[in-house]
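Reviewing the structure listed below.
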Amino acid sequence: MTVESTAARKPRRSAGSKAGTTGTKAAGTTGTKRTTRTAAKKTAEKSTEPELVQLLTPEGERVENAEYDAYVAGVTPDELRGLYRDMVLTRRFDAEATALQRQGELGLWASLLGQEAAQIGSGRATREDDYVFPTYREHGVAWCRGVDPTNLLGMFRGVNNGGWDPNGNNFHLYTIVIGSQALHATGYAMGIAKDGADSAVIAYFGDGASSQGDVSEAFNFAAVYNAPVVFFCQNNQWAISESNEKQTRVPLYQRAQGFGFPGVRVDGNDVLATLAVTRWALERARRGEGPALIEAWTYRMGAHTTSDDPSRYRHDDERAAWEAKDPILRLRRHLEAAHHADESFFAELEAESEALGKRVREAVRAMRDPDRFAIFENVYADGHALVDEERAQFAAYQASFADAEGV
């Protein structure tokens with residue numbers, strides 16, 4: 001595990017650079033001073049970069065890590081291509097959903113753009129018998145769990161309350177209430193531990209949710225009861241318009257220390273590193289070693305949701321810096337350099353992604369509106385007079401529109 005400094009230390013001035021140095025001596029040392037200042041500035045800038053687990057550099061180069069290499073040692077070229085395919089198709093689905101919202105087909109959409117590696121790497125680390133508790137942005141994890149992407153869109157179109165059976169894929173319904181799923185995951189993990197199961201639970205949340213009391217309570221219960229749960233925080237740098245600096249004085253993964261379990265920060269734009277670190281955390285949870293916190297250091301390339309305008313609180317140069325660390329481009333560079341994929345692979349995948357986009361469009365536009373009176377059916381098991389009265393009032397209200405149309 002690594003520890004980082006939250007702020008760069010300013011380089012100290014040496015005795016030879018006092019302000020009283022003058023004349024020829026000062027002139028002769030100008031070049032040296034300039035070089036020293038430049039080097040010190042670069043050192044300071046470098047120290048602001050977080051230390052994290054990374055197995056693929058942004059250029060796609062494989063780097064060794066003695067602690068985590070073993071968890072991906074058996075990854076084959078075919079599996080690497082599979083990870084790349086997952087990220088490409090997830091991004092294509094996400095782009096289509098964003099477009100559909102802009103066209104009025106969805107009420108809202110929360111994009112995962114830029115966070116594909118964090119979600120696919122962690123999602124592929126889970127076993128079939130593990131249970132996942134997502135927020136509302138884990139479209140890539142849903143893909144890994146086998147949830148049809150079109151089922152994710154019903155709630156955002158307003159035609160259902162979720163669209164899939166959580167127990168069918170061990171993937172809970174999306175949670176809109178910020179942070180509450182961490183408690184749900186902890187409780188579920190405590191339950192399966194009592195059942196004697198060797199499976200694990202993983203709870204997803206963002207950096208903003210880490211400021212919620214529910215998350216803190218989940219950490220405490222998980223630690224005290226040694227629950228087999230992995231807390232996966234996607235730190236995408238912005239909690240809507242609130243930056244990390246306004247939420248925490250220490251790196252988020254270090255919070256785990258205060259509760260008595262390990263935390264690690266991983267390069268969330270590195271799908272291989274995310275896969276390795278999540279496998280480590282899930283395996284130790286299954287062995288009965290308790291919870292762990294993973295902070296995936298990534299970036300939300302788009303808006304918080306389609307109702308948000310990120311240009312009001314962050315600069316374009318910040319996004320440009322993160323575009324150079326794009327998770328999909330990173331893995332593609334590695335595949336090409338290692339000769340694990342050729343142009344035919346990428347061309348076929350492009351065609352597949354376009355077919356997915358078309359399928360999503362057609363499925364959304366074919367979704368039927370729900371029965372307007374269904375809302376009254378599941379309030380009481382045996383019915384209730386007040387509900388009957390409200391149903392009648394609603395029916396009269398609906399009928400008034402038909403009367404108006406007939407005039």
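The values are calculated or read from the model by the stated rules, or taken from the named source; none is laboratory data. Because the structure is a prediction, the values reported are computed rather than measured. We work out accessible area using only protein heavy atoms, side chains counted, and drop any ligands, DNA or RNA first. Shrake-Rupley method; radii C 1.70, N 1.55, O 1.52, S 1.80 Å.
Couple of notes before you dig in:
- What the phi angles of the range 58-65 give under the Karplus curve with 6.51, -1.76 and 1.60, with θ = phi - 60°, is a coupling list of x, 7, x, 7, 7, 10, 7, 9 Hz, glycine and proline written as x.
- Bridge orientation summary for the range 170-322: considering DSSP beta bridges with both residues in this region, about 10 percent are antiparallel.
- Compared with the dominant principal axis of the Cα atoms in the chain, helix 23-47 is inclined by about 30°.
- Within the accessible area of the range 69-366 (1.4 Å probe), percent carbon and sulfur: 49
- Relative to the longest principal axis of the Cα atoms of the chain, helix 385-406 runs at roughly 90 degrees.
- The range 69-366, accessible area per residue, ligands and nucleic acids excluded (1.4 Å, Å²): 39
- Here Kirkwood radius over Cα pairs in Å was calculated from the structure, and among [x] 23.8; [y] 22.7; [z] 22.0 it sits at label [x].
- The angle separating the long axis of helix 327-337 from the principal Cα axis of greatest extent in the chain is about 60 degrees.
- Amide hydrogen neighbours beyond the local backbone of Val266, cut-off 5 Å, H modeled: Val53, Glu295, Ala296, Trp297
- Hz values of 3J(HN,Hα) by residue in the range 157-164 - Karplus curve (6.51, -1.76, 1.60), Gly and Pro given as x: 8, x, 9, 7, 9, x, x, 8
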